[in-house]
1. Do we find that B:Phe123 is in contact with a Cys (Cβ under 8 Å, 6 or more places away or on another chain), within 27 Å of A:Lys137 (Cβ to Cβ), modelled with pLDDT of 70 or more and surrounded by 20 or more Cβ atoms within 10 Å (Cβ to Cβ) in this structure?
2. Between B:Arg6, B:Arg12, B:Arg22, B:Arg59, which is more than 9 Å from DNA strand C (Cβ to nearest atom) and modelled with pLDDT of 90 or more?
3. List, please: which pairs have Cβ atoms under 7 Å, are six or more places apart or on different chains, and start with a residue in segment A:35-61 that is open to solvent by 80 Å² or more (accessible area, probe 1.4 Å) and end with one that is within 8 Å of DNA strand C (Cβ to nearest atom) and at pLDDT below 95?
4. Being hydrophobic (A, V, I, L, M, F, W, C) and within 12 Å of DNA strand C (Cβ to nearest atom) is the filter here; which residues of segment B:25-56 pass it?
5. Applying the selection to segment B:127-142, what residues are of a type outside the set (A, V, I, L, M) and either at pLDDT below 70 or farther than 23 Å from B:Gly34 by Cα (or both)?
6. If a residue has to be more than 12 Å from DNA strand D (Cβ to nearest atom) and either in a loop (DSSP other than H, G, I, E, B) or more than 11 Å from chain A (Cβ to nearest Cβ) (or both) to count, how many in segment B:15-71 make the cut?
There are 2 protein chains.
Amino acid sequence: MSCGARLANELRQKGYRVTPQRAVILETVAHMHGHHSVQEVFTKAEQSLPGLNVATVYRTLDMLHRAGMVEILSTTANITCFSLRDPEHPHYHLICRNCDAMQEIEPVLFNELADTLKKKHGFSLDHRHLTFSGLCKHCQSDAAKGNLTP
Amino acid sequence: MSCGARLANELRQKGYRVTPQRAVILETVAHMHGHHSVQEVFTKAEQSLPGLNVATVYRTLDMLHRAGMVEILSTTANITCFSLRDPEHPHYHLICRNCDAMQEIEPVLFNELADTLKKKHGFSLDHRHLTFSGLCKHCQSDAAKGNLTP
DNA sequence: CTTGTAGGTGCAAATGATTGCAAGTAGGAT
DNA sequence: ATCCTACTTGCAATCATTTGCACCTACAAG
């Protein structure tokens with residue numbers, strides 16, 4: 001069974017309809033490594049399905065996120081990117097709110113955090129892909145000097 | 001010294017110019033408790049400064065976020081909200097990626113996490129206001145049944 | 001106080017994203 | 001296989017947000 005078929009089945013099993021458009025968008029995101037904008041996903045998917053509409057891509061990515069199959073990454077510039085949720089490679093992002101620099105880190109300490117949130121709040125954390133905002137090493141020393149980018 | 005003047009001074013100390021527009025927007029956000037959309041902030045601020053332009057509000061909120069004085073909260077619906085960063089009341093949000101329900105929780109376990117990120121990555125976490133995505137108690141049981149909102 | 005200028009603002013255009021609606025269709029029932 | 005309908009899609013309109021540019025101004029220097 002191909003990668004695309006497997007993902008389509010997974011989506012069907014979650015109770016969602018699998019239309020040709022959704023299958024193509026899901027497969028496109030899966031084959032594009034890393035994080036990509038809606039326009040990038042649309043451009044690529046349209047090669048496989050001419051006539052695809054960008055509104056459909058917006059709707060589908062949103063649906064895939066709700067279904068837990070796609071991650072949304074937002075930077076300070078509010079550039080929203082998408083990537084296939086990869087249970088085999090959990091990773092976290094540190095995004096500097098000043099310069100938008102992005103660091104990727106392996107998960108640490110999160111299992112304990114996830115357990116606590118589950119027990120105390122009944123909340124199931126998406127702890128395979130998280131994003132944190134803060135200041136990177138460089139901008140932090142600038143902040144101490146009062147020299148952030150005005 | 002008034003609240004507004006104090007915040008304006010804080011901004012000036014961070015190396016940013018304090019224009020009438022910025023002072024009003026900052027004070028407006030400070031006096032609006034909770035999280036509010038750009039339109040809400042703009043409507044309120046314009047009462048104090050007729051002629052204020054919404055583009056200025058967008059630019060100023062972005063600048064205030066970079067300066068670390070305002071938090072940005074994004075839900076699944078990508079409704080971006082702003083609130084004054086309140087060092088006296090750190091709090092975290094749990095946002096269900098299915099139904100958008102938001103839970104607010106007191107910070108737990110994060111000091112250790114923040115310390116680790118600092119030591120290992122030199123990253124200064126904005127750990128007074130964080131947002132986590134996942135599934136709430138209700139949607140989680142639906143997910144187990146394959147019954148998420150299609 | 002005046003002056004100069006780097007940065008900020010208002011405006012309108014452009015771009016990104018969402019939404020209402022008519023037509024199409026995935027998939028369940030028979 | 002056919003039929004039916006709840007849901008999806010394409011389209012264009014609308015809304016949210018960003019951006020280029022001309023003009024304005026906060027603030028540093030003198």
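The values are calculated or read from the model by the stated rules, or taken from the named source; none is laboratory data. Remember, it's a predicted structure, so these values are computed and weren't measured experimentally. Ideal geometry is used to build each Cβ from the backbone, glycine not excepted, and the neighbour counts take in all protein chains shown. For accessibility, only protein heavy atoms count, side chains too; no ligands or nucleic acids. Shrake-Rupley method; radii C 1.70, N 1.55, O 1.52, S 1.80 Å.
1. In short, yes.
2. B:Arg12
3. Note: pairs meeting the criteria are A:Tyr58/A:Val38.
4. B:Ile25, B:Leu26, B:Phe42, B:Ala45, B:Leu49, B:Leu52, B:Val54, B:Ala55
5. B:His127, B:Arg128, B:His129, B:Thr131, B:Lys137, B:His138, B:Cys139, B:Gln140, B:Ser141, B:Asp142
6. Count: 21.
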